[in-house]
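Report on the structure given below.
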Amino acid sequence: MTSAPRPTTDLSAADARRIALRAQGFLGAPDRRGGVRGVLRHLGAVQLDTISVLARSHELIPYARLGAVPRKTVEDAYWTAAPIGAPPAQPHAFEYWSHAACILPVEEWPHFAFRRRAYRSRPHWNHDLPDGTYDQVIKQLQTEGPLTSTELGGAKRTSEWWDWSGAKVAVERALMYGEVVCVERRGWKRVYDLAERAIPQSLLHDELDDTECLRRLVNLAGVSLGVGTRADIADYHRLKGEQVDAVIADSGLVPVTVEGWGKPAWADPAALETPVRGRHRTTLLSPFDSLIWERARTERIFGFTHRLEAYVPKPKRIYGYFAMPVLAGGRLVGRVDPAREGRTLVAKQVTLDGVKAVPSVAQALVEAASWVDCTDVRVERVDAPELRAPLARELVRLLA
């Protein structure tokens, strides 16, 4: 790790927390004019995941910041399909590997050239590619237009999730290389198209060298985080620490110290120029929300241990399958593991940070229930039994 310049600003832990909340869209009035696309541009990446409890994670991200945006509006904002018979519409987003599989603003296509080059030059594959299959998939897309893996010949050879067909292996490899792009999801299936057809010509190039790509992504991460350590910034787009070191001095971020962090930090200078004021959001957070992507950062800023337990064996789970942190007053005040039964939102397990968290958790539950067209909320388990009755009373009051 390279030595950092002398910090120009000292931040309290509370200042850093507020800066991070504002940078992520949870403090202050949201820019509703930009809508879901504005949230995407502001965050720089929205993570995708197959799990759907209340809704899929990429729907929960704008909901947490903007409130009850209709789910169809969210999908339409990400994936712009061209009307039949019309010229292709310019996409607003594309899907690629960033923090994980993410929706990214289409204008960032050139800045992932470094990753496309890395995939082409140092491929590590778990699936064999039959001879001729790659060229056949490209030819099929050229002649037939955008297609799902099923339409290309099938996603899997058997029912096992890892047993990809040759066509699926080929098109995913082409996606990583940048020859193919996903600019739409259809019934949760990726719709693949040739990048030369789907990406605007002004953006369709790999001309930027690795340094310029990394400088841009480090800056984007710093702006989206507000303030972060080297590890925080690297994790945002899954860069290596040495990649961050190589460009951070020229990234536009400025060094700062943060009370209690114990490590050098960098901040978006624009975030330091104006005091952080405004109203805090009260909401359930997707476990895949970029506010809480990095576990060490979440513990450092909020004193809150966050872990997705969906892949933990059921007997070993502590908070539940899809425990969603509850944000209120700029703090994480509890968790809810939700489910849906008809038009009832079921809180299978609720964890509260004391009695003061009861009104906020109840509000977050009722608002989420309304968003997904549920008319009732049922609580099955509260980790602190003495808080069950106060939570039930507050829910009754809000639902009345």
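The values are calculated or read from the model by the stated rules, or taken from the named source; none is laboratory data. As the structure is a computational prediction, the values presented were derived from the model and not from experiment. As a convention, Cβ positions derive from the backbone with ideal geometry for all residues, glycine included, and neighbour counts pool all protein chains shown. Side chains included, ligands, DNA and RNA excluded: accessible areas come from the protein's heavy atoms. Shrake-Rupley method; radii C 1.70, N 1.55, O 1.52, S 1.80 Å.
Residue under question is residue 346, and the condition is that it be in contact (Cβ under 8 Å) with a residue 12 or more places away in the chain, touching a Pro at 6+ places or on another chain (Cβ under 8 Å), of a type in the set (Val, Ile, Thr) and not in a loop (DSSP other than H, G, I, E, B); does it hold?
On the way: in contact (Cβ under 8 Å) with a residue 12 or more places away in the chain: yes; touching a Pro at 6+ places or on another chain (Cβ under 8 Å): yes; of a type in the set (Val, Ile, Thr): yes; not in a loop (DSSP other than H, G, I, E, B): yes.
Answer is yes for this residue.
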Checklist (1) open to solvent by 70 Å² or more (accessible area, probe 1.4 Å); (2) modelled with pLDDT of 90 or more applied to residue 124, failing item: (2)
So if I check each of 172, 184, which one is among the acidic types (Asp, Glu) and farther than 26 Å from residue 240 by Cβ? 184
Please indicate, with yes or no, whether at least one residue in the range 256-276 is touching a Leu at 6+ places or on another chain (Cβ under 9 Å), modelled with pLDDT under 95 and β-branched (Val, Ile, Thr). yes
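Could you pull out the residue among 14, 23, 29, 45 that is touching a residue at least 60 places away in the same chain (Cβ under 8 Å) and more than 19 Å from residue 293 (Cα to Cα)? So that I can check it myself, show each step before the final result.
Numbers: 14 fails: touching a residue at least 60 places away in the same chain (Cβ under 8 Å); 23 fails: more than 19 Å from residue 293 (Cα to Cα); 45 fails: more than 19 Å from residue 293 (Cα to Cα).
Within the list 14, 23, 29, 45, the selection yields 29.
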Consider residue 169 carefully, then state whether it is surrounded by 13 or more Cβ atoms within 10 Å (Cβ to Cβ) and under 25 Å from residue 92 (Cα atoms). no
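Could you tell me which of the residues 190, 185 is at negative phi, surrounded by 13 or more Cβ atoms within 10 Å (Cβ to Cβ), at pLDDT 90 or above and not hydrophobic (A, V, I, L, M, F, W, C)?
On the way: 185 fails: at pLDDT 90 or above.
After ruling out the rest, the residue left standing is 190.
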Assuming residue 65 fulfils every condition listed in (1) of a type in the set (Lys, Arg); (2) open to solvent by 20 Å² or more (accessible area, probe 1.4 Å); (3) in contact (Cβ under 8 Å) with a residue 60 or more places away in the chain apart from one, which condition is it? (2)
Among the residues of the range 389-397, is any open to solvent by less than 50 Å² (accessible area, probe 1.4 Å), farther than 30 Å from residue 266 by Cβ and touching a Phe, Trp or Tyr at 6+ places or on another chain (Cβ under 7 Å)? no
So residue 223 passes all but one of these: (1) open to solvent by 40 Å² or more (accessible area, probe 1.4 Å); (2) in contact with a Ser or Thr (Cβ under 8 Å, 6 or more places away or on another chain); (3) β-branched (Val, Ile, Thr). Which condition number does it fail? (2)
Hey, could you check the range 282-322 for residues that are of a type in the set (Gly, Ala, Ser) and in contact (Cβ under 8 Å) with a residue 40 or more places away in the chain and say which is farthest from residue 262 (Cα to Cα)? 310
Residue count for the range 322-375, restricted to those that are closer than 14 Å to residue 394 by Cα and either surrounded by fewer than 18 Cβ atoms within 10 Å (Cβ to Cβ) or touching a Phe, Trp or Tyr at 6+ places or on another chain (Cβ under 9 Å) (or both): 5
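Condition check ((1) aliphatic (A, V, I, L, M); (2) touching a helix residue (DSSP H, G or I) at 6+ places or on another chain (Cβ under 7 Å)) across all residues:
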| residue | (1), (2) |
| --- | --- |
| 297 | no, yes |
| 308 | yes, no |
| 311 | no, no |
| 334 | no, yes |
| 343 | no, no |
Selection status of residue 328, under 21 Å from the mean Cα position of the chain (by Cα), modelled with pLDDT under 95 and hydrophobic (A, V, I, L, M, F, W, C): no
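In the range 196-214, which residues are crowded, with 21+ Cβ neighbours inside 10 Å and more than 21 Å from the chain's Cα centre (by Cα)? Reasoning before the result, please.
Filtering the range 196-214 down to residues crowded, with 21+ Cβ neighbours inside 10 Å leaves 198-199, 213-214.
Hits for the range 196-214 are 198, 199.
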